[in-house]
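Notes to accompany the following structure.
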Amino acid sequence: MADVPRPTPHRVAVIGGDGVGPEVTAAALEVVRAAGVALETTEFDLGAARYLRDGTVLDDATLAELRGFDAILLGAVGPAIGDVRVPPGVLERGLLLRLRFELDLYVNYRPFVGVPGSLAAGCRFAIVRENTEGPYAGEGGRLRAGTPHEVATQGSVNTRFGVERCVRYAFERAARLASPRVTLVHKTNVLTFAGDLWQRVVNAVAAETPGVAVDYHHVDAACIYLVEDPARYGVIVTDNLFGDILSDLAGAVSGGIGFAASANLNPARTGPSLFEPVHGAAHDIAGTGRANPLAAVSSAALMLEHLGEEAAARRVAAAVADFDGDPSSLGTAGVTARLLERV
Ligand code: IPM
Ligand code: MN
């Protein structure tokens with residue numbers, strides 16, 4: 001009997017993290033496997049709990065090991081609200097941002113589908129957020145700290161290379177839409193240096209990409225449009241900080257941050273990409289079985305798409321999009337069971 005070729009499993013590093021993180025990533029992996037995709041997973045113990053136990057945030061050896069995976073699935077990291085033993089920035093800079101920078105995850109792709117009853121009901125749009133520069137690059141410093149003459153500066157880094165690769169990704173994404181549209185969101189009237197660079201790059205890429213409509217909104221106006229008329233967006237492209245803020249707003253108008261998925265992508269594929277729900281660790285409901293796994297499952301669908309498992313990605317994404325129950329009453333297991341039936 002001839003050997004039946006077995007699909008090569010994708011090697012996925014799983015950072016469940018803290019609070020509800022491990023529960024929602026477990027649910028996401030169950031759905032992915034039910035969709036017929038072979039995965040070989042390795043768990044990494046990172047996050048607030050690990051930091052509190054032995055002071056480790058992300059050591060060089062672990063980072064080197066992570067580079068060898070096909071993808072990384074992350075749940076949520078962070079201490080319980082009010083737990084001052086983990087100072088602000090330790091996990092954000094030391095773990096999440098370090099992974100984004102070191103693995104060169106230069107696009108943060110966040111798709112939104114307005115759920116019924118939300119302000120964005122029936123709308124689909126995406127935010128393509130630059131993920132390695134802007135104010136997140138950490139340019140700045142302090143002088144005379146703690147004195148009345150203290151100075152704190154926090155700059156924003158915008159490189160032609162960094163902006164262009166992000167904008168190109170946004171246009172590639174938009175080109176796949178039924179009505180391709182890219183909206184640059186910035187504050188070109190005040191942040192004139194960075195804004196001018198972004199606008200010129202968008203103009204240049206637009207000139208090479210006929211068929212994609214191009215628009216520009218100031219970020220403050222975009223906050224109104226996202227609430228009042230989200231249908232006007234296809235792909236929003238924006239800098240790291242504007243993208244961070246706008247994506248929480250976009251999550252809220254689309255049905256809640258509990259549905260928002262994200263892909264931290266290295267489209268050049270020089271290393272693994274990282275997929276995570278936008279929501280946090282929600283320690284208050286951890287272990288109660290009430291965590292909504294939909295955002296983690298959607299993030300896993302983005303991972304499948306990136307791994308080339310497009311048919312399975314579509315099935316998982318469709319199961320989430322067609323989901324019509326109430327996650328808060330069904331709980332993690334109830335939501336997962338419904339998704340498993342659908343994929
Ligand atoms: C996000 C988060 C992160 C960010 C934090 C936790 C560093 O808010 O992924 O949106 O600011 O990018
Ligand atoms: Mn955020």
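The values are calculated or read from the model by the stated rules, or taken from the named source; none is laboratory data. Keep in mind that what you see is a predicted model, and the values were worked out from it rather than measured. All Cβ positions, glycine included, derive from the backbone under ideal geometry; neighbour counts span all protein chains shown.
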For this session: From V151, V167, grab the single residue that is touching a helix residue (DSSP H, G or I) at 6+ places or on another chain (Cβ under 6 Å) and either assigned by TED's automatic domain parsing to the domain that holds G243 or without any contact (Cβ under 8 Å) to a residue 12 or more places away in the chain (or both).
Result: V167
Exercise. Does at least one position in the stretch 75-96 carry a residue that is within 25 Å of T270 (Cβ to Cβ), hydrophobic (A, V, I, L, M, F, W, C) and not in a helix (DSSP H, G or I)?
Worked result: yes
For this session: With a cut-off of at least 3 residues that are modelled with pLDDT of 95 or more and closer than 20 Å to L302 by Cα, name the strands (runs of 3 or more DSSP E) lying wholly within the stretch 186-282.
Result: 235-238, 261-265, 273-277
For this session: Can you give me the number of residues within the stretch 225-255 that are small (G, A, S) and more than 14 Å from ligand 2 (Cβ to nearest atom)?
Result: 4
Problem set entry | Qualifying position, being over 19 Å from the mean Cα position of the chain (by Cα) and either among the hydrophobic types (A, V, I, L, M, F, W, C) or surrounded by 15 or more Cβ atoms within 10 Å (Cβ to Cβ) (or both), among V37, V12 | V37
Problem set entry | Criterion violated by E208 - all others in (1) surrounded by fewer than 24 Cβ atoms within 10 Å (Cβ to Cβ); (2) of a type outside the set (S, T, N, Q); (3) closer than 30 Å to P22 by Cβ; (4) more than 16 Å from ligand 2 (Cβ to nearest atom) satisfied | (3)
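So that you can scan it fast, the table gives a plain yes or no per residue for (1) closer than 14 Å to A300 by Cβ; (2) out of contact with any Gly (no Cβ under 7 Å at 6 or more places or on another chain); (3) modelled with pLDDT of 95 or more; (4) within 16 Å of ligand 1 (Cβ to nearest atom):
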{"position": "V31", "(1), (2), (3), (4)": "yes, yes, yes, no"}
{"position": "A49", "(1), (2), (3), (4)": "no, yes, yes, no"}
{"position": "L58", "(1), (2), (3), (4)": "no, no, yes, yes"}
{"position": "R67", "(1), (2), (3), (4)": "no, no, yes, no"}
{"position": "G75", "(1), (2), (3), (4)": "yes, no, yes, yes"}
{"position": "P79", "(1), (2), (3), (4)": "no, yes, yes, yes"}
{"position": "L91", "(1), (2), (3), (4)": "no, no, yes, yes"}
{"position": "G94", "(1), (2), (3), (4)": "no, yes, yes, yes"}
{"position": "L97", "(1), (2), (3), (4)": "no, yes, yes, yes"}
Problem set entry | One residue from P293, P327 being surrounded by fewer than 22 Cβ atoms within 10 Å (Cβ to Cβ) and closer than 16 Å to G258 by Cβ | P327
Exercise. Got at least one residue in the stretch 95-105 being in the same structural domain as A301 (by TED's automatic domain parsing), of a type in the set (K, R), loosely packed, with under 15 Cβ neighbours inside 10 Å and under 17 Å from the mean Cα position of the chain (by Cα)?
Worked result: no
Problem set entry | Subset of the stretch 246-290 [more than 13 Å from ligand 1 (Cβ to nearest atom), within 21 Å of V167 (Cα to Cα), surrounded by fewer than 22 Cβ atoms within 10 Å (Cβ to Cβ) and of a type outside the set (A, V, I, L, M, F, W, C)] | N266, P267, R269, T270, G271
